[in-house]
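Below is one structure; the comments refer to it alone.
Computed from the coordinates by the stated procedures, all read-outs in this text should not be read as laboratory data. This is a predicted model, so every value here is computed, not measured. Methodologically, a virtual Cβ is constructed for each residue, glycine included, from the backbone with ideal geometry; neighbour enumeration extends over all protein chains shown.
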């Protein structure tokens, strides 16, 4: 006869085995929360301030960015117009990125952040006042192009965080910013439904972005990427930009990374541009439904960030990336083939551009990217990202815009999956990671 492993307490029977298991599980959760709290508490002061600034900035960005293309379309822009406009903004980013990258290594990070947010405020003002689509050209050029706040924040986190917790901190940063990213599109969708138009979103985003500017001005002091608080007023060496980047390109596996980032960034930008048009224009979803999908996608990505970061610290950046990018591909396939709104929500959960479970693949990926070179060279790596990312958008956006206007709309979304499976994953698997 099997033994009844229970104990009686005043007539109440307790399953000892289940109770012990529940207790241990609760203890593990408490220890994990304590470890997370200790990690956050021990972070460098610069990382803590950047987390706050980026949280405010991300709310403003997620509040309006899903609607920028739709707003241009509402003002009369065609798919080709949108493609050309975004290609022009990418060209400006490519030209300015090398100079910004060197500035990051030589001058105050605070001044660079403040300048970038100021450009974004100007761009939002142009969006708010525009009455025709071509007026938006300078807004698309300025907004998140001259100074890219998210890569700059990631650069600072990787530089001022220990290697053994770096992936976890990158994941935690997405959790801390995730609330703003989820709340932004949801609030925007509610306001669009209330006002019946997109323009009020930009009037609201302007003061939010100004608050991020104030926080950067008051919360940061002058410091260099090397950690030295002394700000350099002139270059360490005299010479042109091309000479410095020519020497930099000889480091590590930069050549392979150029190919990876070209195809990875191009396909992601293509998806971010045309997924809203696919959901609203082809699948017939209302703008409010698109806002809800964006929020669910962001929430799913947020919940997957810490597991992705922890796995990247334990099993390696590449293995974690390969696991989560499979959800990304599956989400895009579901988005294309979905016959109902319910499956659109499933696609949002699995992976839809930078969101969903598959969106968490970007955390180990970008951590591996910043670890490719020493800290003192990461400004040039930031510049290289812009040099490669911006031109990658041009062929992808021109091809995507043309395919869209010619009626091959599903092919626009299939292209990124093909690129991920046949180009990004095979090349990345050949690059060693820092352990």
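Given a cut-off of 17 Å, what percent of all Cα-Cα pairs of the range 290-398 lie beyond it? Every Cα pair in the range 290-398 considered, those over 17 Å come to 60 percent.
Peptide packing: for 300-307, 406-413, 102-109, the average count of neighbouring Cβ atoms within 10 Å per residue gives the ranking 300-307, 102-109, 406-413, highest mean first. With the simple spin-label model, which puts each label point 7 Å out from Cα in the Cβ direction, the residue 247 to residue 163 separation comes to 2.5 nm.
Residue order for 73, 253, fewest other beta carbons within 10 angstrom first, comes to 253, 73.
Counting neighbouring beta carbons within 10 Å and listing from fewest to most, the residues 91, 186 come out as 91, 186.
Evaluate the relative contact order of the chain (contact order divided by residue number), counting alpha-carbon pairs under 8 angstrom at least 6 apart; express in whole percent. Let's see the in-between values first.
Working: 651 pairs, mean separation 107.5, N = 435.
About 25 percent, as a whole number.
Could you give the Stokes-Einstein D for the range 40-154 in µm² per second, using the C-alpha Kirkwood radius, 20 °C, 1.002 mPa s?
Details: Rh = 15.3 Å.
Here the translational diffusion coefficient equals 140 µm²/s.
The Cα atoms of the range 39-107 give a gyration tensor whose axes a ≥ b ≥ c have a/c of 1.5 or more with a/b no greater than b/c, which makes the shape oblate. In units of the rule-of-thumb radius 2.2 N^0.38 Å, the range 317-367 shows an alpha carbon radius of gyration of 1.13. When shorter helices are ignored and each DSSP H run of at least 4 residues is given -39500 (n - 2.57), the per-residue value for the chain at 222 nm works out to -24500 deg cm²/dmol. Each of residue 256 and residue 115 was given a label point 7 Å from its Cα along the Cα-to-Cβ line. The distance between the two points is 3.4 nm.
Taking every eigenvalue of the Cα gyration tensor of the chain, multiplying by 5 and rooting it, what semi-axes result, largest first, whole Å? Write out the running numbers ahead of the final one.
Values: eigenvalues 253, 173, 102 Å².
That gives 36, 29, 23 Å for the three semi-axes.
Between residue 95 and residue 431, the FRET efficiency estimated from the beta carbon spacing at R0 = 30 angstrom works out to 0.60. Starting from the Cα of residue 203, move 7 Å in the Cα-to-Cβ direction to define the label point; list residues of the range 45-72 whose amide nitrogen is under 11 Å from there. No residues fall inside that zone. Fewest neighbouring Cβ atoms within 10 Å first, the residues 99, 85 line up as 99, 85. Would you please classify the overall shape of the range 103-187 from the alpha carbon gyration tensor, given that a ≥ b ≥ c denote the square roots of the eigenvalues, rounded means a/c under 1.5, and beyond that prolate means a/b larger than b/c while oblate covers the rest? Oblate, since a/c reaches 1.5 and b/c is not below a/b.
Each part reduced to its alpha carbon centroid, the range 38-116 and the range 413-427 end up 25 Å apart. Each part gets one Cα centre, and for the range 169-228 versus the range 334-385 those centres are 19 Å apart.
If a/c stays under 1.5 just call it rounded; otherwise compare a/b with b/c (prolate if a/b is bigger, oblate if not). Do that for the range 86-150, with a ≥ b ≥ c from the square roots of the Cα gyration tensor eigenvalues. Walk me through the intermediate numbers first.
Details: a/c = 3.94, a/b = 1.72, b/c = 2.29.
It is oblate, given that a/c is not under 1.5 and a/b is not larger than b/c.
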